Amino acid sequence: MPVRVQAEDFDSGAEIAALRRGQPQVGAVASFVGTVRQGAGAAGQGDPVKAMTLEHYPGMTEQALSDICAAAAARWGIIDTLVIHRVGHLLAGEQIVLVAVTASHRGEAFAACEFIIDYLKTRAPFWKKEHSAQGERWVEARASDDDAVARWRADEGPSGQTPKAP
């Protein structure tokens, strides 16, 4: 279950191909690519975002991402996961994150992928600063992200038991 935090961009097609390679039991791949969105910013205020700076806590961040992937694997019995998260200064339109999940069936792959990105948004130690013509502002936690995670806690896992969250 590879996890990488890096400044460099990534090729999602090549990364997914490498994740699948040599695993004929893979029947489904679900992926998510997040990008720096040019818009009114996370708070819906101000000038359009031109760039974003992402900071992290080395070591702690990778462990948090690994724990999230392990929780998804335990819950859905997926084959493998990959998370690549970029840090540093990124321009609007650039890729921030790739989450890819391989599984035997699509349902598990889709659910695990969504679970990982929902938990990543709320549990991984990243800090985001938006840059616009008006200046800079730190991105605050959003209630909608917490709501997304709360629904996973309310769901039952495949064994009928409430899953352990990271």
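Rule-based calculations on the coordinates, nothing more; no lab input. What you see is a predicted model; the values in this text were computed from it and never measured. Note that we place each Cβ from the backbone using ideal geometry, even for glycine, and neighbour counts take in every protein chain shown.
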Checklist outcome for this item: The rounded separation in angstrom of the Cα centers of the range 104-145 and the range 1-34 is 18 Å
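On full extension of the chain, what length is gained from residue 133 through residue 153, given 0.36 nm per residue of separation minus the C-alpha to C-alpha distance? It would help to have the intermediate numbers written out before the result.
On the way: separation 20, 0.36 × 20 = 7.20 nm, distance 3.95 nm.
Gain in length upon complete extension: 3.2 nm.
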Item to check | Cα-projected label distance for residue 104 with residue 67, points at 7 Å along beta-carbon direction, nm | outcome: 3.0 nm
Item to check | DSSP H segments from the chain that extend 20 Å or more along their own axis, Cα-based, with Kyte-Doolittle mean of 0.0 or above | outcome: 60-76, 106-123
Checklist outcome for this item: Taking 0.36 nm per residue of separation between residue 146 and residue 9 and subtracting their Cα-Cα distance, the length gained on full extension comes to 46.5 nm
Item to check | Where labels lie 7 Å past Cα in the beta-carbon direction, separation of residue 89 and residue 47 in nm | outcome: 1.6 nm
Checklist entry - Quick one: in the range 1-133, what % of C-alpha pairs are over 24 Å apart? => result 31 percent
